[in-house]
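The next block holds one structure in the form of structure tokens; read it before the comments.
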Amino acid sequence: MRCRQAQRLMTPTVDNELEPRQQHALDQHLTACAACRQELAATRTLLEVVARLPAEMSLPPRLEEVTLHRMRDAARAERSERRPAPWWRSLSLPALTVAAVAVLALAVGLRQFDVVSTRSVDIPGRLAAKSGHQAASQHQVASEAARTRVARQEPRRASEPPKYPPAELASAPDLFMDLPILRHMEKLEHFDAIRTTTVDEAPDPSAGQQERSSG
Amino acid sequence: MAPAGVHGKVSHMRTEPGDPALAAPVPAEATARAAADPDVALMLRLQAGDESAFQDLFRKYAPRVLQLARRFVGSQAQAEELTQDVFVQIFRFRHRYKPQSRLVTWVFTIATNLCLNELRRPERQLRVDLWDRRDGEDRPEDPPLPDPAAVTAEEGAATRELAQQLEAAVAALPPKQRAALLLSRVDGLAYRDVGEAIGCSEGAVKALLFRATQALKRSLRDYV
């Protein structure tokens, strides 16, 4: 054992915390090293002085009272935590938010469904009149009529899907995207436009042709 | 840290013995240990909701906790607040105490952790720097230490001077070295318990004590 290693074992040996094997090695070193014996004596003296430092301190008069007061506060807090909370407190905020949004979306969707159903009553006749004057718009008129029929047939389609696509839908593949969820989303997105627009204000198909010819 | 100071307003409302907020079931094996160790019996009484057990616990350990805290933070007022915090924590976590471990170790574990946390606070660092003591200047909050071994006036003066130098040297140690030294030499904890209190192994405790002893030897070479 070297002196440096011996010095590391001096505090534990004073505290009787050395393992027997280490204690034996230290004892052997000390018999041969006067400097380490002197170092051990100094360490022992120092640690004895440290051990004589007062371990306790007299308590101020009100410290116990104030600590008891705080302990009772903690006990009261524990009691209040143990009271059963109202049932609605068990619901988390995200769950409540999702439920509120779902109810709102359902309300708006039902309202829009009523508006579209009411409007669709007059649409076929008006569209048919326009289709007699402009052959180029036949396709779009057919599409509008198809949409109208789709709107009329919606309750039945929801319950039983058609076995083959109607002619109007077959001629306009884009209408195959007429899924209820997408339709309602569109209504939600253009809620104000749909509510204030009538069939008379619908864009004239010839306007598109004029623009194309002028361009 | 405690929001209220030691001299804050105190209500005299008392909790009833057997308060349900305090009570908890006591296992049979713990009862057997309580018969052998009065500290375990004290904690079992506290776990069962006996407020007087808290007072007994406070009277038994608060003087040691206060002294330890004062040696960590230096300020008497802060040491008193830390002592309050320690015993409030003991109350809050009383059900985590296992009768298998020594109560004194558990108490000093809580106390040491709170003291070390206090020293880690940034505002504390600033305060320590501002209050850093200059050479030859006594800290006004340090009470004079008793010198029971003194026989003559000269010996008494020399012992007091050594004690003051030693307190200053201990206060200058890094927090973990200070904790290891105080818990092992002043509070008499075994190395294993010291390791439990400061969260390290016995080997690490030995290393901390070696460094602390070397530092004290350097600081007190004129006296020891």
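Every number here is computed from the coordinates shown, using simple stated rules; none is lab data. All values derive from a computational prediction rather than experimental measurement. For neighbour counting, all protein chains shown are included, and Cβ atoms are generated from backbone atoms with ideal geometry for every residue, glycine included.
Things to note:
- At R0 = 41 Å, FRET efficiency that the Cβ-Cβ distance of A:GLN5 and B:ARG160 yields, to 0.05: 0.65
- Distance between modelled label sites at A:LEU104 and B:ASN113, nm, 7 Å Cα→Cβ extension: 4.5 nm
- Local net charge near A:THR43, Cβ-Cβ under 12 Å (Lys/Arg +1, Asp/Glu -1): +2
- For q = 0.22, 0.27 Å⁻¹, Debye-computed log10 I/I(0) when each Cα of the range A:3-51 counts as one equal scatterer: -0.73, -1.04
- The range B:152-224 shape via C-alpha gyration tensor axes, a/c threshold 1.5: prolate
- Exposure proxy ranking, count of Cβ atoms within 10 Å, fewest first, for B:PHE108, B:PHE72: B:PHE72, B:PHE108
- Cross-link pairs B:LYS176/B:LYS217; B:LYS60/B:LYS217; B:LYS98/B:LYS176 - those with Cα-Cα distance over 23 Å: B:LYS60/B:LYS217; B:LYS98/B:LYS176
- Here each label is just a point 7 Å from Cα along the line to Cβ, and for A:ALA25 and B:LYS98 those points are 3.2 nm apart.
- Peptide A:69-82 is shielded by partner chain Cβ atoms: per residue, an average of 6 of them sit within 10 Å of its Cβ.
- Förster radius 51 Å - calculated FRET efficiency between B:ARG120 and A:GLN38, Cβ distance, rounded to 0.05: 0.85
- Which of B:ILE110, B:ILE90 has the fewest Cβ neighbours within 10 Å, and the rest in rising order: B:ILE110, B:ILE90
- Percent RCO, i.e. relative contact order, over the range A:3-51, from Cα pairs under 8 Å lying at least 6 residues apart: 47 percent
- The A:ALA77 and A:ALA51 beta-carbon pair, evaluated with R₀ = 30 Å, returns a calculated FRET efficiency of approximately 0.15.
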